[in-house]
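Read the structure below first, then the notes.
Every number in this text was worked out from the coordinates using simple rules, so none of it is lab data. Here the structure is a predicted model, which means the values were calculated and not measured. Cβ atoms come from the backbone with ideal geometry, glycine included; neighbour counts cover every protein chain shown.
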2 protein chains.
Amino acid sequence: MAADNSIFVGSKPFMNYVTAVVMQFTVQNAKEVIIKARGKFISRAVDVAEVATKRFLQEQVEINDIEIDSEEFENKDGKNVRVSSIEITLNKK
Amino acid sequence: MAADNSIFVGSKPFMNYVTAVVMQFTVQNAKEVIIKARGKFISRAVDVAEVATKRFLQEQVEINDIEIDSEEFENKDGKNVRVSSIEITLNKK
């Protein structure tokens, strides 16, 4: 977990990320947490945001901003591939 | 393709959706197109939005709004499952 309250969603068990978000707001008393993901993990990042805000932190935390972006780079076969990313900003109400 | 310029992203070939978005703006002269997806197709919807706006319609179309949501329902085994969804609104500049 980064110092700036960012949580990168990847291939670990789903509830690890939900717990990380909830802990940031409760134990660490964060005002803002940013959930980030790339590629196929974007769907998962949305799930994490939804479960955290609707099941565990309802009435306390809301989705404040969603940004998407992408970058193009050359893969090992010399082919240009574009990888999308998402940043979901949650704020304490 | 719905009358309200919504495009639902699913399991068809990726470029079908990109083409559908581009055609809405060019052939149909739409001012706004909404890309929608649920569950694992959310990542794909983000890819469609990024490729459409950055490769095919750059300088012409921009991402105006992104909303995420989820609904909980009972699956056939009687278990509660939550399915996330996304709506990405693209507008002509």
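Observations on the model:
- DSSP beta bridge pairing in the range A:6-92, given as percent antiparallel to the nearest 5: 85
- Test item: Cα-centred dipole of the range B:6-92, Lys/Arg +1 and Asp/Glu -1 on Cβ, debye: 380
- Contact order for chain A, expressed relative to its length and based on alpha carbon pairs under 8 Å spaced 6+ residues apart, stands at 31 percent.
- Here r is the Cβ-Cβ distance between B:Glu87 and B:Glu62 and R0 is 25 Å; the resulting FRET efficiency, rounded to 0.05, is 0.95.
- Calculated mean residue ellipticity, 222 nm, chain A: -7500 deg cm²/dmol, from DSSP H runs (n ≥ 4) at -39500 (n - 2.57) each, averaged per residue and rounded to 500.
- Counted residue by residue at 0.36 nm each, then reduced by the alpha carbon distance between them, the extension gain from B:Thr26 to B:Lys40 reaches 2.2 nm.
- Calculated Rg and Dmax of chain B using C-alpha coordinates, Å: 14.3, 49
- Distant-in-sequence amide H partners of A:Val61 (H built 1.01 Å from N, under 5 Å): A:Lys93
- Unsatisfied cross-links (Cα-Cα over 21 Å) in the set B:Lys12/B:Lys93; A:Lys40/B:Lys92; B:Lys40/B:Lys79; A:Lys40/B:Lys54; A:Lys54/A:Lys93; B:Lys40/B:Lys76: B:Lys12/B:Lys93; A:Lys40/B:Lys92
- Distance cut-off 16 Å, percentage of C-alpha pairs in the range A:34-84 lying past it: 52
- Put simply, the protein assembly as shown fits an ellipsoid with semi-axes of 29, 19, 16 Å; these come from the alpha carbon gyration tensor as the roots of five times its eigenvalues, largest first.
- With neighbour counts taken as other beta-carbon atoms within 10 Å, the residues A:Lys79, B:Lys12 rank, fewest first, as A:Lys79, B:Lys12.
- Listing B:Val51, B:Val46 from fewest to most neighbouring C-beta atoms within 10 Å gives B:Val51, B:Val46.
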